[in-house]
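Read the structure below first, then the notes.
The values are calculated or read from the model by the stated rules, or taken from the named source; none is laboratory data. What you see is a predicted model; the values in this text were computed from it and never measured. Cβ coordinates were reconstructed from backbone atoms using ideal geometry, including for glycine residues, and neighbour counts include every protein chain displayed. Please note that ligands, DNA and RNA were not included when accessible areas were found on the heavy atoms of the full protein model with its side chains. Shrake-Rupley method; radii C 1.70, N 1.55, O 1.52, S 1.80 Å.
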Amino acid sequence: MKFLPAKKLFSFFSNDLAIDLGTANTVVYVRKGGIVLNEPSVVAVKLGTNQVLAAGRAAKEMLGKTPESIVACRPMRDGVIANFELTESMLRYFIRLVHNDRKTLIKPRMIIGVPSGITEVEKRAVKDSAMQAGAQKVYTVIEPMAAAIGAGLPVQEPSGNMIIDIGGGTTEVAVISLKSVVFCRSIRVGGDEMDMAIVQYVKRKYNLLIGERTAESIKIEIGSALLTPDAAHQSIEVKGRDLVSGVPKTIKLSSQEVNEALIETIASIVDVVRVALENTPPELSSDLVDRGITMAGGGSLLKGLAGLISRETGLPVQVAEDPLFCVVKGIGRMLENLDFFKDALME
Ligand SMILES: Nc1ncnc2c1ncn2[C@@H]1O[C@H](COP(=O)(O)OP(=O)(O)OP(=O)(O)O)[C@@H](O)[C@H]1O
Ligand SMILES: [Mg+2]
């Protein structure tokens, strides 16, 4: 994916933004321009202030490694704002980066993706933080709708489209027809929960304490939902702190062990897909037999997951192109075609 330089664009085009403010990653799309920013949703500030020292990749590097005077944290948890001030600081920082620090801007309109299970209070927090970060007007759209549009599903047709969006904090499953959500279920389980499960597993089995970032690399390297012959015999060296002696220690972890650690989280994802299928009206279910299910979000990249969901549901399952960008691409399309998609947007 090619990122366009924001500076040039702004001299010609409006600066309206489509934002996927995710638990793990924030992605920003500018109207008539494309994706201009893709950074981890992490911010580092001076202790006791909202003064941003770093955000995005640079701040993610600092997670768990900061001295006492610096706080590096992820202000979003489970798909929603956990720390309002820090989310706002992070968003402001990213928006300023996209705007190349121009001071005299017309305030942009923004469309922001929110989880379908969001409460009114949580939605208000997202909108307020975007307004505080400089928006003129903020619309929201539920993420599975955006993901389906971004995955290229024909959401405007009178037929069943099923999307599963597995992010860092949430998994959302939706059936969409005629630009409307027919059924939708969201659980606060996603990639983060997989990482935590690996941390717990290693702690229980080896008395070894590892960080979330290490767990995430283990998951991406050798994690798999299905132990196919390819995936079954891999292993990885894991460094952490021995809980008994307190000193650094290295162990070897196999793909089978990682699979075992992930089983419960994966089962809750499969369960929510089943619930969605059971609640899909029969005329739309029959469409799913031919079209299958489409997966989006970073979690859909877990090896073997599409295969497992296909086995458990008996339906074809495909991972969308650029799964990490489906939501932002979908919101971007809505921004470009506001009239066509106006019913799917919320004020
Ligand atoms: N190759 C991979 N295998 C397994 N998991 C992956 C892979 N690549 C990314 N992930 C996971 O995907 C998650 C991030 O996905 P994504 O950016 O879609 O989430 P998000 O939109 O920020 O979160 P949410 O939608 O829940 O707010 C992380 O948990 C990350 O570890
Ligand atoms: Mg997401």
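Observations
- Restricting Gly56, Gly79, Gly34, Gly64 to residues that are modelled with pLDDT under 90, small (Gly, Ala, Ser) and surrounded by fewer than 23 Cβ atoms within 10 Å (Cβ to Cβ) narrows the list to Gly64.
Let's see how each residue does on (1) within 25 Å of Ser217 (Cα to Cα); (2) in the same structural domain as Ile187 (by TED's automatic domain parsing); (3) in contact with a Ser or Thr (Cβ under 8 Å, 6 or more places away or on another chain):
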residue: Ala82; (1), (2), (3): yes, no, no
residue: Met90; (1), (2), (3): yes, no, yes
residue: Gly113; (1), (2), (3): no, no, yes
residue: Val138; (1), (2), (3): no, no, no
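Here is a yes/no grid of residues against (1) within 16 Å of ligand 1 (Cβ to nearest atom); (2) farther than 29 Å from Asn50 by Cα; (3) open to solvent by less than 10 Å² (accessible area, probe 1.4 Å); (4) among the small types (Gly, Ala, Ser):
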| site | (1), (2), (3), (4) |
| --- | --- |
| Ala135 | no, no, yes, yes |
| Ala146 | yes, yes, yes, yes |
| Ala151 | yes, yes, no, yes |
| Gly167 | yes, no, no, yes |
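- Number of positions in region 210-232 that are open to solvent by 60 Å² or more (accessible area, probe 1.4 Å) and of a type in the set (A, V, I, L, M): 2
- Residue within region 211-221 that is at pLDDT 95 or above and more than 24 Å from Ser41 (Cα to Cα) present: no
- Helices (runs of 4 or more DSSP H) (entirely within region 80-173) containing at least 1 residues that are basic (Lys, Arg): 84-98, 120-132
- The condition of being in the same structural domain as Val27 (by TED's automatic domain parsing), touching a Ser or Thr at 6+ places or on another chain (Cβ under 7 Å) and open to solvent by less than 20 Å² (accessible area, probe 1.4 Å) holds for Ser129.
- Residues in region 33-56 that are of a type in the set (A, V, I, L, M) and free of Cβ contacts under 8 Å to residues at least 60 places away in the same chain: Val42, Val43, Ala44, Val45, Leu47, Val52, Leu53, Ala54, Ala55.
- In the set (1) surrounded by 19 or more Cβ atoms within 10 Å (Cβ to Cβ); (2) at pLDDT below 90, Thr104 fails one condition alone, (1).
- Region 299-347, residues that are assigned to a helix (DSSP H, G or I), surrounded by fewer than 23 Cβ atoms within 10 Å (Cβ to Cβ) and small (Gly, Ala, Ser): Ala306, Gly307, Ser310, Ala344
- When Arg185 is tested against the conditions (1) away from ligand 2 (no atom under 15 Å from the Cβ); (2) under 29 Å from Val126 (Cα atoms); (3) outside any strand (DSSP E or B), the lone failure is (3).
- Residues in region 118-172 that are charged (D, E, K, R) and within 14 Å of ligand 2 (Cβ to nearest atom): Glu143, Asp165, Glu172.
- Check on Val182, assigned by TED's automatic domain parsing to the domain that holds Lys303, over 20 Å from the mean Cα position of the chain (by Cα) and over 29 Å from Ala276 (Cβ atoms): no
- Within this structure, Arg74 passes the test of being open to solvent by less than 70 Å² (accessible area, probe 1.4 Å), at pLDDT 90 or above, of a type in the set (D, E, K, R) and within 23 Å of Ala18 (Cβ to Cβ).
- Residue check, Ile263 under 24 Å from the mean Cα position of the chain (by Cα) and open to solvent by less than 40 Å² (accessible area, probe 1.4 Å): no
- Evaluated against (1) in contact (Cβ under 8 Å) with a residue 24 or more places away in the chain; (2) under 21 Å from Glu347 (Cα atoms); (3) part of a helix (DSSP H, G or I), Met194 falls short on exactly one condition, (2).
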